[in-house]
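As structure tokens, the structure follows; a few thoughts come after it.
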Amino acid sequence: MLLFFIVAIISAILQFYVSVNYSMADYLPEDTPSTVGKEVIEKEFDESVPNTRVMVYDVSIQEALSYKEKFASIEGVTNVTWLDDAIDITTPIEMADSDTVEDYYKDGTALFSLTIRDGEEVKATDAIYEIIGEENAMDGEALDNAVSQKMAGAESLNAALLLIPIIIIILILSTTSWAEPIFFLTAIGISVLINMGLNIFIGEISFVTQSVAPVLQLAVSLDYAIFLLHSFSDYRNKTEDPHEAMQLAMKRSFPAIAASASTTFFGFMALSLMNFEIGADLGINLVKGILLSFISVMVFLPAFTLLFYTWIDKTKHKALLPKPKGIAKPILKLKYPVVLLVFLVIVPAFLAQGQTNFIYGIGEHPESTRAGKDSAKIEEAFGEYAPMVLLVPKGDLAKEEILVQELENLDGVTSILSYVNRVSAAIPPEFLDDSITENFFSENFSRLILHTNTGTEGDMAFSLVEKIKETAQQYYGEEIHLVGESASLYDIKHTVEKDNKLVNFLTVATIALVLLITFKSISFPVVLLLTIQVAVWVNLSIPYFTDTSLVYVGYLIISTVQLAATVDYAILLTEDYRNNRKEMGAIQAIHKSMDEKIYSITVSALILSLVGFILSYTSSNPIVSSIGLLLGRGTLLSFAMVICFLPAMLVIFDKWINKMSWKRDVYTEDASN
């Protein structure tokens with residue numbers, strides 16, 4: 001016990017030194033085009049793509065130039081682009097192309113494009129806010145990252161402060177000792193702290209992992225501690241020796257805890273095989289968490305309990321909530337309508353969950369936040385904007401000029417900043433000062449900055465990415481590189497769509513294997529997986545029927561997490577039913593199992609669903625909020641399926657289940673008696 005406490009304290013300190021990555025694009029595979037392009041542009045030009053827009057109202061040309069100088073002097077800002085980079089402002093702007101001018105300056109309002117260095121987003125955006133004040137606006141990918149960095153730690157703390165008291169209340173209501181909840185939370189809390197501290201050896205975790213993994217580990221593995229202590233309490237009534245009672249409790253609860261941990265372990269292991277490494281990052285952390293929770297419950301909790309079990313004895317109280325009885329009777333009366341309804345829902349739910357309008361980025365900030373309000377202001381004044389940088393081989397200015405003309409004619413491209421249209425293809429770069437040419441040329445590439453109005457993602461944005469690549473490849477083949485948020489999200493889309501098939505298959509296959517070994521039956525795994533998988537499909541189809549967009553990362557993660565985390569409810573009920581079925585008919589067995597297990601399943605489902613809803617409520621990050629909402633809603637759907645659909649299936653298909661089970665010893669009377 002002392003060893004666990006020491007390691008937990010060290011881990012609690014170490015977790016403050018684990019760096020957190022807030023950029024989704026960094027989790028793309030290294031060989032994706034946008035990742036390769038980003039490395040090339042940073043190597044060739046010492047800077048990346050413009051990632052921030054700053055809008056300043058009521059300024060003259062000279063005042064705007066003064067603002068540009070202030071922005072350029074900020075530490076972390078590597079480049080600032082404005083109207084003077086696109087046209088010669090020493091001549092009247094009325095003589096310039098109006099479309100080009102209005103990309104930067106309209107009705108006395110100036111719009112600047114800034115590039116902020118990775119890792120310095122918070123410091124740089126804070127400095128920009130100091131310069132522009134409350135009345136002006138800023139948006140962009142760098143601001144998104146800065147907001148996420150500021151909010152993640154505070155929101156995780158808020159979620160914990162809200163969640164832990166609620167869990168304690170639920171556990172107090174569901175136990176007969178005031179001290180038992182402390183034992184449960186201590187065992188799992190220590191494993192959570194150790195898991196967070198061990199991330200120091202990984203070096204870096206994603207913002208999704210930081211926000212989701214600790215509370216998810218707590219909610220999913222709390223059952224292990226409850227199983228063990230409930231068994232210990234039962235054996236305390238049979239033997240006076242606490243050590244013997246604990247030995248018997250460990251032996252009895254080990255199979256149930258191991259089966260529960262195994263299904264969750266393999267489900268999360270499937271996440272760790274994602275090519276889009278934000279899923280792999282979360283999966284690895286949850287796999288570590290499940291293993292540590294299992295070890296803590298089987299090693300730390302017995303030692304802790306044997307030292308302090310008298311606390312449990314001294315704080316005994318009567319059950320505060322009556323355990324429900326006879327709940328199976330009304331459910332089984334509706335068994336045929338319930339099964340028919342579920343089978344009618346399966347196909348539309350499965351089809352709809354794949355047709356939802358997906359968001360592949362971080363999504364929009366709530367309108368109640370300054371970031372959300374600023375984004376709306378800029379979009380209203382200048383429209384949607386998604387800058388991209390196209391690198392083409394240096395050397396042939398005539399070819400580059402033709403390419404620029406073709407790109408300018410593409411729908412969605414509002415203007416292009418390049419040497420051939422800012423200076424002239426007729427003037428050799430060697431005749432000009434480096435201060436003029438360095439923005440357009442590196443040793444190997446010419447740089448074209450494209451301004452587009454399609455937004456960062458969606459059908460129009462992704463179609464434009466494809467058209468730009470196709471057009472450039474007609475002239476330069478595969479030697480081009482396209483970089484920008486739209487290009488990254490395009491790659492994320494194609495990466496996670498491939499991941500979806502692999503992860504879902506592996507999750508179902510590995511959990512099916514665990515169930516096959518656990519129940520020594522083909523029929524039980526089919527019934528259990530069908531029960532939870534239908535709940536997953538219904539959960540993920542709701543955004544389609546409500547015509548709301550869904551963050552794809554949340555969709556991908558929850559399709560695995562919901563199945564892995566809630567199949568335990570079905571296992572718990574089915575395992576008890578299988579044992580009771582040896583001594584009685586199917587209907588009597590399901591009545592007895594429902595009476596015995598509904599309380600435990602309800603408590604577990606209530607805790608997990610609250611974890612999800614609290615994450616959704618406390619997080620301003622659209623990805624984390626989406627995962628929370630899907631988890632909370634999905635848990636309740638899984639719970640409903642386990643208490644309504646699963647009992648009906650076990651009774652209706654009892655004979656078929658018996659025939660498909662290996663060496664199953666069942667009560668031989670007709671199942672209807």
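Since every read-out is calculated from the coordinates, none of them should be taken as a lab result. Please read all numbers here as calculations on a predicted model, not as lab measurements. FYI the Cβ positions are ideal-geometry reconstructions off the backbone, even for glycines, and counts take in every protein chain you see.
When +1 charges are put on Lys and Arg Cβ atoms and -1 charges on Asp and Glu Cβ atoms, the dipole computed for the chain relative to its Cα centre reaches about 6060 debye.
Where does the chain land at 222 nm, in deg cm²/dmol rounded to the nearest 500, when only DSSP H runs of n ≥ 4 count, each adding -39500 (n - 2.57), divided by all residues?
Theoretical 222 nm ellipticity from helices: -21500 deg cm²/dmol.
For the Cα trace of segment 584-642, dividing Rg by the Kirkwood Rh returns an Rg/Rh value of 1.22.
Residue separation of Phe505 and Val423 scaled by 0.36 nm, minus their Cα-Cα distance, works out to 24.0 nm of gained length. Between Gln247, Ser293, Val538, whose Cα lies farthest towards the positive end of the dipole of the chain when Lys and Arg beta carbons carry +1 and Asp and Glu beta carbons carry -1, centred on the Cα centre? Positive-end residue among those listed: Gln247.
Projecting label points 7 angstrom from Cα along Cα→Cβ for Glu384 and Phe254 puts them 5.8 nm apart.
Here Rg/Rh (Cα atoms, Kirkwood Rh) was calculated from the structure, and among [x] 1.15; [y] 0.95; [z] 1.07 it sits at label [z]. What does the extension gain come out to for Trp656 and Lys333, with contour length at 0.36 nm per residue minus their alpha carbon separation? Taking Trp656 through Lys333 to full extension adds about 114.2 nm, to one decimal.
From the largest down, segment 370-487 spans 46, 30, 22 angstrom on the principal axes of its Cα atoms. What distance in nm separates the two pseudo spin-label positions at Lys467 and Asp88, each 7 Å out from Cα along the beta-carbon direction? Taking the simple label geometry, Lys467 and Asp88 are separated by 3.2 nm. Positive end of the dipole of the chain (Cβ unit charges, origin at the Cα centre): among Met1, Gln217, Leu320, the Cα lying farthest that way belongs to Leu320. With unit charges on the beta carbons (Lys and Arg positive, Asp and Glu negative) and the dipole taken about the Cα centre of segment 175-320, which residue among Phe183, Ile284, Ser231 sits farthest to the positive side? Sorting the options by dipole projection puts first Ser231.
Counting only Cβ charges, +1 for Lys and Arg and -1 for Asp and Glu, the dipole size of segment 175-320 around its Cα centre is about 360 debye. Cross-link check: pairs Lys150/Lys377; Lys501/Lys597; Lys251/Lys597; Lys106/Lys373; Lys335/Lys493; Lys592/Lys659 evaluated at a Cα-Cα cut-off of 31 Å; pairs beyond the cut-off: Lys501/Lys597; Lys335/Lys493.
The modelled label-to-label distance between Glu39 and Ala319, using points 7 Å beyond Cα along the C-beta direction, is 6.2 nm. For segment 154-203, the equivalent ellipsoid built from the Cα gyration tensor has semi-axes of 26, 15, 5 Å, listed from largest to smallest.
Test of understanding: what is the full-extension gain from Glu408 to Glu367, defined as 0.36 nm times their sequence separation minus their Cα-Cα distance?
11.4 nm
Past 23 Å, Cα to Cα: identify those pairs from Lys582/Lys655; Lys399/Lys467; Lys325/Lys655, in the order given. Table pairs above 23 Å Cα-Cα are Lys325/Lys655.
Net charge of the neighbourhood of Ala137, taken over other residues with C-beta under 11 Å away and scored Lys/Arg +1, Asp/Glu -1, is -2. In segment 220-322, what trypsin sites (Lys or Arg not before Pro) fall in a loop by DSSP, with at most 10 other Cβ atoms inside 10 Å? Counting only loop positions with at most 10 other Cβ atoms within 10 Å, the trypsin sites (Lys or Arg not before Pro) in segment 220-322 are Lys238, Lys318.
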